[in-house]
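Reading through the structure tokens given below for one structure.
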Amino acid sequence: MLRTERPCDVEAREALLDAAFGAGRFAKTSERLRAGLRPAEDLAFIATDGGRIIGTLRLWPVTAGHGRPCLLLGPLAVAASVRNRGVGGALIHQALHRAKALGHRAVILVGDPDYYHRFGFSAASTGALSMPGPYERDRLLACELVAGALDDARGLIMADPRDASRRSGLSARRPRGCSAAR
Ligand SMILES: CC(C)(COP(=O)(O)OP(=O)(O)OC[C@H]1O[C@@H](n2cnc3c(N)ncnc32)[C@H](O)[C@@H]1OP(=O)(O)O)[C@@H](O)C(=O)NCCC(=O)NCCS
């Protein structure tokens, strides 16, 4: 089952990400770009199986060069015990569908081209874009939700300066009154 993330998902989500990416995950440029932000409204997703959290995917408000708002996808992780059953794909499809319905125009990510190509991501429109830190250029991919959304996009990918409410209630700690991970 897929649903929107809730504050009480924090611990299970972070455990899933630790297991998928290891302790070094916070050193990634994408992660540093997301630090202190909160996910784009209604664009953080959880996959569950019998109440257990088995997948997580979030989208973040960024700009792709000056004045061009778009979304940054990630991290995406699925529990090792349920991989290759379509959970990751379902999360991506849901995220792209919801993002488009909400009026977003493009989604960017740093990830494996062999995996993300099937969802419409490519490096075709990211050649003049860059991340604010180390990354592998051929892994910087984008999917236009609106054709031409990234035409002539150039410059740094940065946190969207219009996103005023930065500090996240969904990020670090388990909110008071929440039960443990479910
Ligand atoms: C990548 C990940 C999210 C995929 O989740 P999933 O639920 O197993 O994915 P799906 O079931 O939707 O898709 C499985 C297909 O993707 C392929 N795939 C998975 N990871 C891949 C990768 N890194 N590169 C290329 N193909 C990949 C599988 O071989 C499988 O191919 P098939 O359909 O031809 O058999 C999951 O493997 C994971 O959490 N990995 C660790 C964290 C990670 O690498 N996240 C992505 C960062 S780029």
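What pairs come up if the first residue lies in the stretch 81-102 and is of a type in the set (D, E, K, R), the second is within 8 Å of the ligand (Cβ to nearest atom), and their beta carbons are under 9 Å apart, counting only those six or more places apart or on different chains?
Listed by first residue and then by second, the contacts come to 85/78.
Provide a single number: the residues in the stretch 79-94 that are in contact with a Leu (Cβ under 8 Å, 6 or more places away or on another chain) and near the ligand (Cβ under 10 Å from one of its atoms).
5
Is there any pair with a first residue in the stretch 106-126 that is under 16 Å from residue 136 (Cβ atoms) and a second that is of a type in the set (A, V, I, L, M, F, W, C) and near the ligand (Cβ under 9 Å from one of its atoms) whose Cβ atoms are under 7 Å apart and which are 6 or more apart or on different chains, and what are they?
Every condition considered, the pairs that remain are 116/109; 121/109.
If residue 52 passes every condition in (1) of a type outside the set (Asp, Glu); (2) near the ligand (Cβ under 9 Å from one of its atoms); (3) surrounded by 13 or more Cβ atoms within 10 Å (Cβ to Cβ); (4) more than 13 Å from residue 142 (Cα to Cα) but one, which one does it miss?
(2) is the only condition that residue 52 fails.
Is there a residue in the stretch 95-111 that is in a helix (DSSP H, G or I), closer than 22 Å to residue 29 by Cβ and away from the ligand (no atom under 16 Å from the Cβ)?
yes
Here are some conditions: (1) away from the ligand (no atom under 15 Å from the Cβ); (2) of a type outside the set (Phe, Trp, Tyr); (3) in contact with a helix residue (DSSP H, G or I) (Cβ under 9 Å, 6 or more places away or on another chain); (4) not in a helix (DSSP H, G or I). Residue 75 meets all but one. Which one does it not meet?
For residue 75, the exception is condition (1).
For the stretch 1-49, which positions are away from the ligand (no atom under 13 Å from the Cβ), in a helix (DSSP H, G or I) and basic (Lys, Arg)?
Correct list: 32, 34.
If you scan the stretch 1-20, which residues turn out to be more than 14 Å from the chain's Cα centre (by Cα), under 25 Å from residue 86 (Cβ atoms) and of a type in the set (A, V, I, L, M, F, W, C)?
1, 2, 12, 15, 16, 19, 20 - these are the residues of the stretch 1-20 that are more than 14 Å from the chain's Cα centre (by Cα), under 25 Å from residue 86 (Cβ atoms) and of a type in the set (A, V, I, L, M, F, W, C).
A short reminder: the numbers here are calculations on the coordinates, not readings from a lab. This structure is a prediction, so every number in the text was calculated from the model and none was measured. As a convention, Cβ positions derive from the backbone with ideal geometry for all residues, glycine included, and neighbour counts pool all protein chains shown.
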